[in-house]
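Novice: Below you'll find the structure I mean.
The values are calculated or read from the model by the stated rules, or taken from the named source; none is laboratory data. What you see is a predicted model; the values in this text were computed from it and never measured. Neighbour counts run over all protein chains shown; Cβ positions are idealised from the backbone, glycine included.
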């Protein structure tokens, strides 16, 4: 399928018009990798393939559990068809274990389990550095209605329950993750963007080793090897997608 014009080009993905249906779009996963609000940038050949296949699988897991997502189908190892949405300029973060910016901002201990999980909202803005916002900020800025915030939080917590169990069965701890949401033309709020090592912290269940973008952030070694390991575990029961993984 040849996609149409570019709708949006982000840090690591490009969204194209669907050639036949104005309600759909084609999402392509690129090999670009960034950290610290674009202060660290590189290209890692093959990264986009791992993120695309992992995202497709995890969206399918959520759909099977009855959660609404923008995912329609996988086109190839780098592209998927998604619903075209009106996106909320928000990021919703769910944290199960204290690490990263949380321990820098608040007196949590590194590795501390969080029960119940912490849910945070950020204003998606490169200009302002994706700052944390609360309900009052969201309402005053007109980013979402209170009822829409409730839906996003409820969905994010359900995603956490479903994916934590799924990943546990694949020897991965879901430490934390970031979601984005959008509305369909019918007004339904659905889970959008991607769910991958770019947007989640995946830790090896036995060693605690990172299998995500922290490897790049912290210069801890071969980031592609971490993504590959995560993909192989997540796709080990999905022969069709596993067959699409790059050969070493």
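Novice: Are any residues in segment 52-68 within 16 Å of residue 234 (Cβ to Cβ) and either part of a strand (DSSP E or B) or touching a helix residue (DSSP H, G or I) at 6+ places or on another chain (Cβ under 7 Å) (or both), and if so, which ones?
Specialist: The answer is 53, 54, 56, 57, 58, 61, 62, 65.
Novice: Then there is this: Could you grab me the full set of residues in segment 101-124 that are under 24 Å from residue 10 (Cβ atoms) and assigned to a strand (DSSP E or B)? First the steps, then the outcome.
Specialist: Start the filter on segment 101-124 by keeping residues that are under 24 Å from residue 10 (Cβ atoms), which leaves 101, 119-124.
Those that are under 24 Å from residue 10 (Cβ atoms) and assigned to a strand (DSSP E or B): 119, 120, 121, 122, 123.
Novice: Then there's this: Among the listed residues 76, 32, identify the single one that is modelled with pLDDT of 95 or more, farther than 30 Å from residue 127 by Cβ and touching a helix residue (DSSP H, G or I) at 6+ places or on another chain (Cβ under 9 Å). Don't jump to the end; show me each part of the working.
Specialist: Numbers: 32 fails: farther than 30 Å from residue 127 by Cβ.
Every option except 76 fails the conditions.
Novice: Hey, any hits in segment 49-62 for a residue that's loosely packed, with under 14 Cβ neighbours inside 10 Å, closer than 20 Å to residue 6 by Cβ and not assigned by TED's automatic domain parsing to the domain that holds residue 170? Before the answer, list the steps.
Specialist: Going residue by residue through segment 49-62, those that are loosely packed, with under 14 Cβ neighbours inside 10 Å are none.
Scanning segment 49-62, I find no residue that is loosely packed, with under 14 Cβ neighbours inside 10 Å, closer than 20 Å to residue 6 by Cβ and not assigned by TED's automatic domain parsing to the domain that holds residue 170, so the answer is no.
For (1) closer than 25 Å to residue 59 by Cβ; (2) out of contact with any strand residue (DSSP E or B) (no Cβ under 8 Å at 6 or more places or on another chain); (3) surrounded by 18 or more Cβ atoms within 10 Å (Cβ to Cβ), each residue gets a yes or a no:
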site: 134; (1), (2), (3): no, no, no
site: 144; (1), (2), (3): yes, no, yes
site: 153; (1), (2), (3): yes, no, no
site: 169; (1), (2), (3): yes, yes, no
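Novice: Suppose we filter 142, 100, 111, 129 for residues that are at pLDDT below 95 and more than 30 Å from residue 243 (Cβ to Cβ); which single one remains?
Specialist: Unique residue meeting the criteria: 129.
Novice: Going by what's in this entry, would residue 127 be described as part of a loop (DSSP other than H, G, I, E, B) and surrounded by fewer than 19 Cβ atoms within 10 Å (Cβ to Cβ)? Break it down stepwise before answering.
Specialist: Numbers: part of a loop (DSSP other than H, G, I, E, B): yes; surrounded by fewer than 19 Cβ atoms within 10 Å (Cβ to Cβ): yes.
Against the criterion (part of a loop (DSSP other than H, G, I, E, B) and surrounded by fewer than 19 Cβ atoms within 10 Å (Cβ to Cβ)), residue 127 qualifies.
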